[in-house]
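The block underneath contains the structure these notes are about, expressed in C-alpha cells.
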Amino acid sequence: MNNRESLFSAKNRRLLTTPLGKENPITIQVLGICSALAVTVKLEPAFVMTISVIAVLAVGNMIISLLRRTIAPRIRIIVQLVVIASLVILVDQVLKAFVYDVSKQLSVFVGLIITNCIIMGRFEAFAMSNKPWPSFLDGVGNATGYGIILIIVAFFRELLGSGSVWGYQIAPQFLYDWGYKDNGLMILPPGALIVIGIIIWVQRSRDKELIEEN
Amino acid sequence: MNGLRKFIDNIKPQFEKGGRFSYLQSTFDAFETFLFVPNHTTRLGSHIRDYIDMKRTMSFVVIALIPTLLFGMWNVGYQHFLSMGESVTLWENFWFGFVKVLPIVVVSYGVGLGIEFIFAQIRGHEVNEGFLVSGMLIPLVLPPDVPLWMVAVATAFAVIIGKEVFGGTGMNILNPALTARAFLFFAYPQDMSGDKVWIAEHGDAMSGATPLGNLLTHQPLTTSASDMFWGFIPGSIGETSTFLILLGALFLIVTGVGSWRIIVSVFAGGFGLAAFFWAIAPYVAPDNAYMALQPWYHLIMGGFAFGAVYMATDPVTAAQTNRGKWIYGVLIGVMAVLIRVLNPAYPEGMMLAILLLNVFAPLIDHYVVEGNIKKRLKRIPVKA
C-alpha cells in the first residue's frame, strides 16, 4: 500500500497541535471546567491530573476506535462509559500505589474523570468515526491541551495563593516581613475562574480569528 | 481661564491626527474635557446635546462624597485617640486621619487612572470618566489601616477585571468600587474585617471591633443608636456617618444624579425584612443577636446606608427601568439583611447583596420590558 499515510503526516500532526491552541478544550470549547477549578490549587496535583487524563483519553480513544464497528449505536454510551470507568479505575490504583499523597489530595476528582466532558466528547466526536492511530493522537492532543491550561492555572494559583511553586517556597521571607500576604482569593475556586478568564482574554486578543461575530 | 483656554487651543493641533503627539490623543482629550465643557458636536442621529456629560455627572457624585470623606478623616483620628484614652482637639483628630486616609486616596486614583489612561491609549478611545467616582469610593469602603499595596492591587483588579475586560465604563456588570472591596475581602480577610482591623499603632492602645463585628461574636451592643447615626463609631472610612450619607443622598436626588427610587426601595426592603426577623426572633432563634436587633439599627449600622446611596445607584450597574429599580432596590435591602442575620461567615451583607443584584439587574430589566410589551399588546383590539 503506497498511499498509506505516514505515522506523523501533516494531518496527524494537526490532530496533536490544534487542541493546544485553536481548539483548546478548556479555553475555546469550555469543557472540563469543573476539574480545572478543583485540582489547580497546587501545581503537583494538577500535573498528576494531567497525566491521568492523557492516559485515559489516549487509550480510551484507541479502544473505542478499535471497537467502533462492533458497537451497536443504541448502546454506545454505555460501552463508552464502561471503557472510561475501567481505565479510570486502573489509573486510580496506579496513583494509589505510587503517589499516595497526591492521590489523597485529588480524592474524588480522579474518579470524576469519568464525568469529564472532554472524554465523552472526544469518544463521540472523533473515536467513533476514525481509525485507532489518529484517535490515539487526537486523545493525546486534547488531553494535553486540557493539561496545559490546568498547569498554567495551577502555577499562578500556587504562586499567588501560597507563594510557592511545586511545594517550594518562592516568595522570599523579606517580602512577608515587609507586609506582603498571600492572596486568599487564589486558593478559592473563583481564583481559578479568574485565571482561566484571563487566559481566554489573552488568547483571543492574540488570535483575532477566535473572536465571534455578533 | 482665558489663558488656559488659549494654551490648550494652541497645543491642540499637535495632538490631533498627523500631529507630533497624535498617539497621546486620548490622554489630551481627557484633560481638555476635564478642564472645559467639551465642544464635541453630534454627527448622527439626535442633534440636541446636553452639556452635562458624564464628567459633570461624575463630579456631582464626588461632591456628594466629600462630606463623608472629610468626616471619615476626622473619625479615623477620633477613634484612634479614643482608643488610647486621649482627648485632643478637633484639628488634631482631623490631621491624624488626613495623614492616614490621603495616601489611600492618592494610591487609588493613581493606580486606577494610570490603568484607564493606558487602556484608552491602546484601544484608541476617550479616557473613561467613570473612575473619577470609583477612585473616591474605593478608599471610602476600606478600613483606614489597610496596607497601601493592597489598595493598589485591588484597584488594578477592579479596573481591569471588573471594567476594562467588559469594554470600559458603561459596559461593566459589577460596580468597580465594590469589586475592589470584594477582592480584598476574599483575598485578605484578616485585613478587611474582624477585630484586628482597628488596632491602633501603639502597643498600649486597645483593639476595637466595629459594632457589626461585635454582634457576630455575641457581644452586647455597646454603641448607642445616635452614635451610629452621627457616625462616631469605628468602621470603614466613609461608611460610619449615616447623617452625612443622607445629606449626600439629598444632594444626589436634587441634582437628579442618583435615583430616589433605588435609595428608597433599598431602605424599605432592608427595614421590612429586619422588622420581620425582629418580630419572629424570640420564637425561632433567641440566641441570634442579629435577629433580635431592632430593625432601624440595621439601616444605620455598617455599610447599609453608604451602599444604598452611593453603590446601589450606580447608573451603569443598576436596573434601568423604573419598575425594575424598585425590584432591584428592595431585593438589595432584603439580601443585605438576610446575609447579615443568617450567614455567620459574613458580618456585612451589603457588599455581597449589591454585587449579586448587579448581576441580576439586566434580567430584571428584561422581564419588566417584556411585561410591558405584553400588557400593551393586550390593548390592541382583536381583529374579528
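The values are calculated or read from the model by the stated rules, or taken from the named source; none is laboratory data. Everything numeric in this text was worked out from a predicted model, so none of it was measured. Positions of Cβ are generated from backbone atoms using ideal geometry, with glycine treated the same way; all protein chains shown enter the neighbour counts. Note: areas computed on protein heavy atoms with side chains; ligands, DNA, RNA excluded. Shrake-Rupley method; radii C 1.70, N 1.55, O 1.52, S 1.80 Å.
Residues A:Val108, A:Val82, A:Val94: which one is open to solvent by 60 Å² or more (accessible area, probe 1.4 Å), at pLDDT below 85, of a type outside the set (Asp, Glu) and over 29 Å from B:Tyr188 (Cβ atoms)?
A:Val108 is the lone residue from the list that is open to solvent by 60 Å² or more (accessible area, probe 1.4 Å), at pLDDT below 85, of a type outside the set (Asp, Glu) and over 29 Å from B:Tyr188 (Cβ atoms).
Out of B:Ala292, B:Ala319, report the one residue that is open to solvent by less than 10 Å² (accessible area, probe 1.4 Å), without any contact (Cβ under 8 Å) to a residue 60 or more places away in the chain and not in a helix (DSSP H, G or I).
B:Ala319
Which of the residues belonging to the range A:23-48 are aliphatic (A, V, I, L, M) and either open to solvent by less than 40 Å² (accessible area, probe 1.4 Å) or closer than 24 Å to A:Ser162 by Cβ (or both)?
If the condition is that a residue be aliphatic (A, V, I, L, M) and either open to solvent by less than 40 Å² (accessible area, probe 1.4 Å) or closer than 24 Å to A:Ser162 by Cβ (or both), then A:Ile26, A:Ile33, A:Ala36, A:Leu37, A:Ala38, A:Val39, A:Val41, A:Leu43, A:Ala46, A:Val48 are the ones that fit.
Quick one: is B:Gly168 modelled with pLDDT under 80, outside the structural domain of B:Tyr310 (by TED's automatic domain parsing), surrounded by 14 or more Cβ atoms within 10 Å (Cβ to Cβ) and on the phi > 0 side of the Ramachandran plot?
yes
Please indicate, with yes or no, whether at least one residue in the range A:194-206 is more than 9 Å from chain B (Cβ to nearest Cβ) and within 17 Å of A:Gly161 (Cα to Cα).
yes
Can you give me the number of residues within the range A:180-193 that are within 17 Å of the chain's Cα centre (by Cα) and at the interface with chain B (Cβ under 7 Å from one of its Cβ atoms)?
So the answer is 0.
When both residues are 6+ apart or on different chains and their Cβ atoms are under 9 Å apart, which pairs have a first residue that lies in the range B:74-92 and is under 23 Å from B:Glu239 (Cβ atoms), and a second that is of a type in the set (Val, Ile, Thr) and assigned to a helix (DSSP H, G or I)?
Pairs that qualify, where the first residue is under 23 Å from B:Glu239 (Cβ atoms) and the partner is of a type in the set (Val, Ile, Thr) and assigned to a helix (DSSP H, G or I), are B:Val76/B:Val101; B:Gly77/B:Val99.
Here are some residues: A:Ile75, A:Ile51. Which one is closer than 17 Å to A:Tyr146 by Cα and open to solvent by 30 Å² or more (accessible area, probe 1.4 Å)?
A:Ile51
Condition first: among the charged types (D, E, K, R) and modelled with pLDDT of 80 or more. Now tell me which residues in the range B:335-350 satisfy that.
Correct list: B:Arg340 only.
Any idea which of A:Gly167, A:Gly163 is more than 21 Å from B:Ala187 (Cβ to Cβ) and more than 12 Å from chain B (Cβ to nearest Cβ)?
A:Gly167
Quick one: count up the residues across the range B:111-121 that are surrounded by fewer than 18 Cβ atoms within 10 Å (Cβ to Cβ) and touching a residue at least 24 places away in the same chain (Cβ under 8 Å).
So the answer is 2.
Do we have any residue at all in the range B:262-277 that's surrounded by 17 or more Cβ atoms within 10 Å (Cβ to Cβ), modelled with pLDDT of 80 or more and within 14 Å of chain A (Cβ to nearest Cβ)?
The answer is no; no qualifying residue exists.
Look through A:Tyr100, A:Tyr176 and report the one residue that is surrounded by fewer than 17 Cβ atoms within 10 Å (Cβ to Cβ) and closer than 26 Å to A:Val56 by Cα.
A:Tyr100
Given the criterion away from chain A (no Cβ under 14 Å), surrounded by fewer than 18 Cβ atoms within 10 Å (Cβ to Cβ), of a type outside the set (Val, Ile, Thr) and in contact (Cβ under 8 Å) with a residue 40 or more places away in the chain, identify the matching residue among B:Gly124, B:Gly97, B:Gly130.
Criteria check complete, one pass: B:Gly124.
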